[in-house]
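S.K.: There's a structure below that I have some questions on.
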Amino acid sequence: MLSDAKARQITPGAKPLAAGGVTGLFLLPSARRGEGKWILRFVSPVTGKRRDLGLGTYPATGIAMARRQGLEARALLAEGKDPIEARRIAEIEKRAAIADMTFRDAAERAYSELKAGFRNAKHATQWMTTLETYLFPALGPRLVSELRASDFAEALRPNWLSKPETASRVKQRADVVMKWCAARDIIVASPLGVVDHLLPGQKGKRQRVEHHPAVAWRALPAVCATLFQDGRVSTGRLLLEFVILTACRSGEARGMRWDEIDTATAIWTVPASRMKAQTQHRVPLSPRALEILHRMAAERDGAPFVFPSRKGTPQSDMTLTKIMRDAGIASETPGRTATVHGFRSTFRDWASEHGYARDLAERALAHTVKNAVEAAYHRTDLLEQRRAMMEAWALWAGSAKS
């Protein structure tokens, strides 16, 4: 049996080395020492002539892989099939399938291969939903090989100016699909790169940031009294109060597990896999936040989540939204109900008004440092300084308690 040690010694002009284990499998020497080409030598059951089937180059294709491919080819020969002809037919069928691939087919296949890398399930769902809503009606049945930049431009045009952020996301996701196609030789290149030249400029798109309606920081104590002092206690209400006290994103708290909490040090460590910035985040817990956790621990029924639903799964974000809507919590924006995410803005305003350093507040919110130089020196999370700040924030939030 051929070994790697022996294969690495093969020299130009040497005799072919039999791989062993597969009849007719040889490693032919190449022009450089330690490199070669795998071939399977066989007699075609179709023509009766000797043929050589290439199985890749060594060392890129290792001995085990070459043997595996050789056995697969020998299995075809046992069925009376010529493996070279079988490969040619498979390639023709592959090209035929590619030629008939629609944009919807390509999007679904790309999505199935790439979704594991999306940051969360909600993003994965939105990714396909936007394509289904804005592109599939016009482009879904069209063949990928026929789509041009003008086709995407016309499909995007109705929402390009009225919904600039949405249209830009749709364009970016369509580009991912088309680049996936290009990587598989279905098309030469994605046409999305020049689409902007066929559409009007999205004036002020970067300035039109849609902020989440938030409670004014001065109104927070009264809001907390309204939400949490009516005598009603539920997992959803405790979760909402915990979100406010920690200034975290609701998804981080909804998915919180018991093994992330160290009550002895009063620290909640959110793993990188659950953070938007994909970086571990430590949250100092105020006395009131710890009280909430102790209460949930007393009612724990074996679920791994701190704030489980009745099914033992994480709470839905709509649970918190409903609590806010039912209480009629108004925001600083006239006519709009405050959102759960808006409490992060409330905290940020409170921190600024009370003289806390920008860096301290930004770390509490787990915001990404965008300046490359600043990020290089971003080596401490200032946990203890943040602990004092979060305890003061919790005291402010509960200052209207009777």
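S.K.: Scanning for something among the acidic types (Asp, Glu) and on the phi > 0 side of the Ramachandran plot, does the range 171-185 turn up at least one residue? I'd like the intermediate steps shown before the answer.
M.R.: First, the residues of the range 171-185 that are among the acidic types (Asp, Glu): 175, 185.
Checking the rest, the ones that are also on the phi > 0 side of the Ramachandran plot come to 185.
Yes.
S.K.: Continuing with the same structure: Under the condition of being among the polar types (S, T, N, Q), within 30 Å of GLN385 (Cβ to Cβ) and surrounded by 15 or more Cβ atoms within 10 Å (Cβ to Cβ), which residue from the range 277-331 is modelled with the lowest pLDDT?
M.R.: Among residues in the range 277-331 that are among the polar types (S, T, N, Q), within 30 Å of GLN385 (Cβ to Cβ) and surrounded by 15 or more Cβ atoms within 10 Å (Cβ to Cβ), the one modelled with the lowest pLDDT is SER331.
S.K.: Here's something else I'd like to know. Kindly indicate which of THR11, THR57, THR61 is assigned to a loop (DSSP other than H, G, I, E, B) and within 29 Å of ALA183 (Cβ to Cβ). Give the derivation first.
M.R.: Working: THR11 fails: within 29 Å of ALA183 (Cβ to Cβ); THR57 fails: assigned to a loop (DSSP other than H, G, I, E, B).
The unique qualifying residue is THR61.
S.K.: Pick out the one residue from ILE39, ILE84 that is surrounded by 13 or more Cβ atoms within 10 Å (Cβ to Cβ) and in contact with a Gly (Cβ under 8 Å, 6 or more places away or on another chain). Let's see the steps before the verdict.
M.R.: On the way: ILE84 fails: in contact with a Gly (Cβ under 8 Å, 6 or more places away or on another chain).
When all the criteria are applied, what remains is ILE39.
S.K.: Out of ALA106, ALA138, I need the residue that is over 21 Å from ARG184 (Cα atoms), among the aliphatic types (A, V, I, L, M) and either part of a helix (DSSP H, G or I) or touching an Asp or Glu at 6+ places or on another chain (Cβ under 7 Å) (or both). Which one?
M.R.: When all the criteria are applied, what remains is ALA138.
S.K.: Is it the case that some residue within the range 208-220 is at pLDDT below 90, in a loop (DSSP other than H, G, I, E, B) and closer than 30 Å to ASP151 by Cβ?
M.R.: Yes - at least one qualifying residue is present in the range 208-220.
S.K.: Here is a check on your reading of the model: is GLU241 assigned to a loop (DSSP other than H, G, I, E, B), in contact (Cβ under 8 Å) with a residue 24 or more places away in the chain and surrounded by 14 or more Cβ atoms within 10 Å (Cβ to Cβ)?
M.R.: In short, no.
The values are calculated or read from the model by the stated rules, or taken from the named source; none is laboratory data. This structure is a prediction, so every number in the text was calculated from the model and none was measured. Note that each Cβ is placed from the backbone with ideal geometry, even for glycine, and that neighbours are counted across all protein chains shown.
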